[in-house]
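For reference, the structure discussed in these notes is given below.
The values are calculated or read from the model by the stated rules, or taken from the named source; none is laboratory data. Values in this document were obtained by computation on a predicted structure and should not be read as measured data. Don't worry about glycine lacking a Cβ; one is built from the backbone with ideal geometry, like all the others, and counts go over all protein chains shown.
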Amino acid sequence: MPTHRPLDDALQSLWDLLVDMTHIVDEQLADAIDAVSTCDLDLAERVTQRDDEVDALELEVDRQCERILALHTPVAIDLRLIIVAVKVNTDLERIGDYAKNLAKNTKHLTGGADLLRHTRIREMADAARGVLREVQDALIRRDRVLARRVIARDLEIDRLHKETIDTLVALTREHPENAQALVHLVTMSKGIERVADHAKNIAESVVFLIEGVDIRHRKLQQQAGQQATGQ
């Protein structure tokens, strides 16, 4: 029977903090999407206020990682978990920031909400939230198959972002009087695309945690390997 270690409790505490953070960030993003879609300024303000909650968890995760490294000597999978926690912590905090910024754009759409319907932003936002939910499940279940599926879905959101930007450029030419609102829609589209990028980062971290393989920037890694072998 495996011996229970104090390190196990510390790692579980760290994992619980990350899971709590994923739930809060998911709720924050969902509320931000609803606030923008309905021009609900009160809901947008609540999303903005929750950012402090996410920031506080980010600091606590960092402190827990520091405590574990100071008091224990993690190796192998334990060390990988700490490395992943640091990376995922940063990605979740950035997603929370993008959700906050998305909500802040709500006030710039009042009176111009019909412009939103000409874009793929709502579809894109729903897809980004779906990706975030999937990567949340992959993280909690430590499911590398689901994590790899999330990575593949990033291309779908990139496509929607490009279509949205093309539409917004055309609308700016056709309706220069709406230029200010259209600029904010560009910002929103880019922010949603970045949410998906950070979800993809988390998925790559899950794969690293389970397989011990860094799958980021595979093309660069292959080039480096070829150079090392003289190919």
> Right, Leu209: at pLDDT 90 or above, more than 16 Å from Ala138 (Cα to Cα) and either surrounded by 13 or more Cβ atoms within 10 Å (Cβ to Cβ) or touching a Phe, Trp or Tyr at 6+ places or on another chain (Cβ under 9 Å) (or both) or not?
Replying inline: no
> Got a number for residues in the stretch 104-129 being touching a residue at least 12 places away in the same chain (Cβ under 8 Å) and either within 17 Å of His198 (Cβ to Cβ) or charged (D, E, K, R) (or both)?
Replying inline: 11
>> If Met21 meets every condition in (1) out of contact with any Leu (no Cβ under 6 Å at 6 or more places or on another chain); (2) closer than 20 Å to His198 by Cβ apart from one, which number is that one?
In response: (1)
>> I'd like to know if the stretch 58-68 contains one or more residues that are buried (at least 20 other Cβ atoms within 10 Å of the Cβ) and under 21 Å from Glu193 (Cα atoms).
In response: no
> If you scan the stretch 143-181, which residues turn out to be surrounded by fewer than 14 Cβ atoms within 10 Å (Cβ to Cβ) and in contact (Cβ under 8 Å) with a residue 40 or more places away in the chain?
Replying inline: Gln180
> When residues of the stretch 86-107 are filtered for being in contact with a Ser or Thr (Cβ under 9 Å, 6 or more places away or on another chain) and either acidic (Asp, Glu) or under 17 Å from Glu211 (Cβ atoms) (or both), how many remain?
Replying inline: 3
>> All but one of (1) among the hydrophobic types (A, V, I, L, M, F, W, C); (2) within 15 Å of the chain's Cα centre (by Cα); (3) farther than 23 Å from Arg80 by Cβ hold for Ala170; state the number of the condition that does not hold.
In response: (2)
>> Restricting to the stretch 42-81, and then to whatever is of a type in the set (Lys, Arg) and touching a residue at least 12 places away in the same chain (Cβ under 8 Å), can you tell me which residue is farthest from Leu92 (Cα to Cα)?
In response: Arg67
>> I'd like the residue in the stretch 61-111 that is among the small types (Gly, Ala, Ser) and within 16 Å of Asp9 (Cβ to Cβ) and, out of all such residues, is nearest to the chain's Cα centre (by Cα).
In response: Ala85
